């Protein structure tokens, strides 16, 4: 069975986001550039890169506070994943979607960083899972 080309995965991801999150749920979507800055900055060890990660994280946090449903597209190792935060009162549900059968370790590291970054700064207001949930297939 041939694996899906990255361009096809991107089209599928966008279609799912458009169908399920934006049109139906009225979700907000984090600009992938923000997540790229976090992902790329985590791979670097310079002080400048860590400052970029921190600033991008603050933008992400503001979007989380604003949105009831937030989609976070993550690109790493030639693969898109989608991390979704849904606020239900004080509880935050987190879903982790990946188009690959075996999840990318780099994508999982970035997704976990995003979850922990938001969770650590919002535990006074919301209840979060402490770890990433099992990945779900795009459907």
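Just so it is clear, none of the values below were taken in a lab; they were calculated from the coordinates. Values in this document were obtained by computation on a predicted structure and should not be read as measured data. Don't worry about glycine lacking a Cβ; one is built from the backbone with ideal geometry, like all the others, and counts go over all protein chains shown.
Once you sort the root eigenvalues of the Cα gyration tensor of the range 27-136 as a ≥ b ≥ c, which label holds: rounded (a/c under 1.5), prolate (a/b larger than b/c) or oblate (the other case)? Show your work: numbers first, answer last.
On the way: a/c = 1.70, a/b = 1.15, b/c = 1.48.
Taking the square roots of the gyration eigenvalues as a ≥ b ≥ c, the range 27-136 is oblate.
Sort 15, 75 by Cβ crowding within 10 Å, fewest neighbours at the top. Working shown, then result.
On the way: 15 11, 75 20.
If I rank by nearby Cβ atoms, fewest first, I get 15, 75.
If you rank 49, 39, 104, 130 by fewest surrounding Cβ atoms within 10 Å, what's the result?
On the way: 49 15, 39 23, 104 20, 130 7.
Arranged by neighbour count, lowest to highest, 49, 39, 104, 130 become 130, 49, 104, 39.
Would you mind ranking 54, 101 by Cβ crowding within 10 Å, fewest neighbours first?
Values: 54 12, 101 9.
Exposure proxy ranking, most exposed first: 101, 54.
Suppose a student asked you for the relative contact order of the range 27-136, using Cα pairs under 8 Å spaced at least 6 residues apart; what percent would you report? Present the calculation step by step, with values, prior to reporting the outcome.
On the way: 173 pairs, mean separation 26.2, N = 110.
Reported relative contact order: 24 percent.
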